[in-house]
Amino acid sequence: MLPPGQQLVARDKWPLVGERLPKNVADPWIVKVHGLVERPQSIGLSDLKQLGWVERSIDIHCVTRWSKPGVRFGGVTLQSLLDVARPQPSARFISFIANSERRHSTSLPLADALKLETILALEADGQPLTVEHGGPIRVVVPGRYFYKSLKWLAEIELLAEDRLGYWESSAGYHNEADPWREQRYVAEGLTKQQAEAILGSRDVRGLELRNLTATGMNLSGLSAAGAILRNADFRRAIVANACFDKANLSNAHFEQSKLAGASFVGADVEGADFRECDLRGADFTGASLVGVSFCEPFDLSAGDGPFRRGASLNRATRIDPEALEVLTPEQAAYVREVRKEAES
Ligand SMILES: Nc1nc2c(c(=O)[nH]1)N[C@H]1C(S)=C(S)[C@@H](COP(=O)(O)O)O[C@H]1N2
Ligand SMILES: [Mo]
């Protein structure tokens, strides 16, 4: 069973999301435990492994709608490290901090992190974690969107009050992040009236407008290059010939919208939904399409199709061949199929 709105990636695919590399691959790699603990720790990886090796099969659910079930992570439990560091009674939150350029972090209520059986993973499917995926050590929190699973774990800090992580504070990602309750984004955003006022000029270049509501509006020719439109709602809107170049449209909704001739060059459309959209002549050159839906998800193992609620694409719709590789197999099959039809 998949959480609502999620799709399976191909069995051998594991998309890369967020930061690509740590600040440096320190050798030896040290994990510090500090803040509200009785016994602060600075522990190397071989000592850490001595705390007890575990292997767990864990389902990955990314907020941008792809899921990768049953990855076998190997490492030590957060519990076993905290048994050594001993959180003080006042410690109610746990913050994980990365050895990365922006000191990336994420946090959880301490009780949740333990109850969910968080692990500090060094291996995935029997292999050491690759650097891109957080090696040598990353956090894996089962039962939460994957943004709670920090790559390149350097510090664990125990806190009395919560401190929002990077995505939670900068991108409006939901702080609870339960995929079964679809806690993707905080609801806060502009009202429809505010949105109408701003969109009236049809020029929102570079603006930060996450969760924007633009359902059913006539916005053809909209100029939105570089805008931050995560989770924006353009369902049934007329957005033909709009320019979304280099915009961030992750998880945006475009179902049943008119996007003929729209340009998404270099845009981030991860997790965006284009079902029943008119995408004739739209340009996705250089766009990142992980988790995008062009039709209703379905079971490919039953052969091609059924393709339901598919977007209209034609030969003038530009999608890089490499971009098809990051779609789920079902979505890629749909795109190939409609393009074949368009050619004949
Ligand atoms: N240090 C660090 N950890 C991070 C991120 C990041 O940008 N930096 N992104 C998070 C997000 S949003 C996701 S979906 C997963 C992606 O992990 P992957 O690249 O191994 O798939 O890492 C999470 N952990
Ligand atoms: Mo993510």
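Where the centroid of each part is defined by its Cα atoms, how far is the range 40-79 from the range 311-344 in Å?
Here the two parts' Cα centres lie 36 Å apart.
List the trypsin sites (Lys or Arg not before Pro) within the range 248-344 that fall in a DSSP loop (any state other than H, G, I, E or B) and whose Cβ has at most 12 other Cβ atoms within 10 Å.
When the trypsin sites (Lys or Arg not before Pro) of the range 248-344 are filtered for loop state and at most 12 Cβ neighbours within 10 Å, Arg308, Arg315 remain.
Compute the signed sum of charges (Lys and Arg +1, Asp and Glu -1) over the other residues within less than 9 Å, Cβ to Cβ, of Ser257. Please report the intermediate quantities before stating the final value.
Values: positive: Arg235, Arg236, Lys258; negative: Glu255, Glu276, Asp278.
Result for the local shell: 0.
Beyond 14 Å, what share of the Cα-Cα pairs of the range 240-291 remains, rounded to the nearest whole percent?
Distances greater than 14 Å cover 46 percent of the Cα pairs.
Kindly write out, for the range 111-126 in residue order, the coupling ³J(HN,Hα) from the Karplus curve 6.51 cos²θ - 1.76 cosθ + 1.60 (θ = phi - 60°), rounded to whole Hz, with x marking Gly and Pro.
After applying 6.51 cos²θ - 1.76 cosθ + 1.60, I find 4, 5, 4, 6, 4, 6, 6, 4, 10, 9, 9, 10, 9, 10, 6, x Hz.
Any chance you could list P(r) for the chain, counting all Cα-Cα pairs in 20 angstrom bins from zero, rounded to whole %?
30, 51, 18, 0
I'd like the Karplus ³J(HN,Hα) series for the range 206-221: coefficients 6.51, -1.76, 1.60, θ = phi - 60°, whole numbers in Hz, and an x wherever there's a Gly or Pro.
x, 7, 9, 9, 5, 6, 3, 9, 9, 4, x, 7, 8, 10, 4, x
Which cross-chain or sequence-distant (5 or more) residues have an amide H under 5 Å from the amide H of Ala232, H modelled 1.01 Å from N in plane?
Asn211, Leu212, Ala252, His253
Counting other Cβ atoms within 10 Å of each Cβ, which trypsin sites (Lys or Arg not before Pro) in the range 34-105 have at most 14 and sit in a DSSP loop?
Passing sites in the range 34-105 are Arg102, Arg103.
Run the reach check for Lys68 against lysines, Cα to Cα strictly under 24 Å, same-chain hits fewer than 8 apart removed. What comes back?
Lys13, Lys115, Lys148, Lys151
Specify which residue in the list Leu81, Ala287, Asn248 is farthest towards the positive end of the charge dipole of the chain, using unit charges on the beta carbon of Lys, Arg (+1) and Asp, Glu (-1), about the Cα centre.
Farthest along the dipole direction, towards plus: Asn248.
Most fluctuating residue of Ser57, Ser170, Ser149 in a GNM of the chain with Cα springs under 10 Å: which is it?
Highest fluctuation of the listed residues: Ser170.
Once you mark the GluC sites (Glu not before Pro) that are in a DSSP loop and have at most 16 other Cβ atoms within 10 Å, what is the longest gap between them in the chain?
On the way: sites that count: Glu38, Glu101, Glu117, Glu132, Glu161, Glu176, Glu182, Glu188.
Maximal segment without exposed cleavage sites: 189-344.
Using 0.36 nm per residue of separation minus the Cα-Cα distance, give me the extension gain between Arg308 and Gln79 in nm, one decimal.
Computed gain between Arg308 and Gln79 is 77.9 nm.
Could you work out how much longer the chain between Glu341 and Glu322 gets when fully extended? Use 0.36 nm per residue separation minus the Cα distance between them, nm to one decimal.
4.8 nm
Over the range 260-344, what is the mean sequence separation of C-alpha contacts under 8 Å (at least six apart), divided by residue count, expressed as relative contact order in percent?
Here the relative contact order equals 30 percent.
Report the charge-dipole magnitude of the chain in Debye, nearest 20, computed about the Cα centre from +1 at each Lys and Arg Cβ and -1 at each Asp and Glu Cβ.
280
So how compact is the range 115-266: Cα radius of gyration and Dmax in angstrom?
19.0, 55
Tell me the relative contact order for the chain as a rounded percent, counting alpha carbon contacts under 8 Å between residues six or more apart. Don't jump to the answer; show the numbers that get you there.
Numbers: 894 pairs, mean separation 40.6, N = 344.
Computed over the chain, the figure is 12 percent.
What angle do you read, to the nearest 10 degrees and between 0 and 90, between the alpha-carbon axis of helix 329-343 and the longest principal axis of the chain?
Helix 329-343 and the main axis of the chain meet at about 20 degrees.
Check which residues have an amide H placed less than 5 Å from Asn218's amide H, if you skip close sequence neighbours.
Result for Asn218 returns Ile238.
Return an integer: the convex hull volume of the alpha-carbon atoms of the range 106-195, in Å³ per residue.
Roughly 124 Å³ of hull volume per residue.
Around Pro179, what is the net charge, scoring Lys/Arg as +1 and Asp/Glu as -1 over all other residues with Cβ under 11 Å from its Cβ?
+1
Could you give each residue of the range 16-30 its phi-based ³J(HN,Hα) in whole Hz, using Karplus coefficients 6.51, -1.76, 1.60 with θ = phi - 60°, and x for Gly or Pro?
9, 9, x, 4, 8, 9, x, 5, 8, 8, 4, 9, x, 8, 10
Kirkwood hydrodynamic radius, computed over distinct alpha-carbon pairs, for the range 124-167: how many Å, to one decimal? Mind showing how you got there, number by number?
On the way: mean 1/r = 0.0841 Å⁻¹.
One over the average 1/r among Cα pairs gives 11.9 Å for the range 124-167.
Quick check on the range 29-128: take the gyration tensor over C-alpha atoms, sort the square-rooted eigenvalues as a ≥ b ≥ c, and tell me if it's rounded (a/c under 1.5), prolate or oblate.
prolate
Bin by bin, in steps of 5 Å, what percent of the Cα pairs in the range 195-344 do you find, going until the bin that has the longest distance?
Distribution as computed: 2, 11, 20, 27, 19, 12, 6, 3, 1, 0 percent.
Need the list of aspartates and glutamates near Lys23 for cross-linking: C-alpha distance under 18 angstrom, and skip anything on the same chain fewer than eight residues off.
Those aspartates and glutamates meeting the cut-off are Glu101, Glu132, Glu155.
Between the range 101-141 and the range 147-192, what is the C-alpha centre distance in whole Å?
15
Would you mind giving the average projected area, over all directions, of the Cα convex hull of the range 162-203 in nm² with one decimal?
4.2
Values in this text are rule-based calculations from the coordinates and carry no lab data. Worth saying up front: this structure is predicted, and the values here are computed from it rather than measured. A quick note on method: Cβ atoms are made from the backbone with ideal geometry, for glycine too, and the neighbour counts reach across all protein chains shown.
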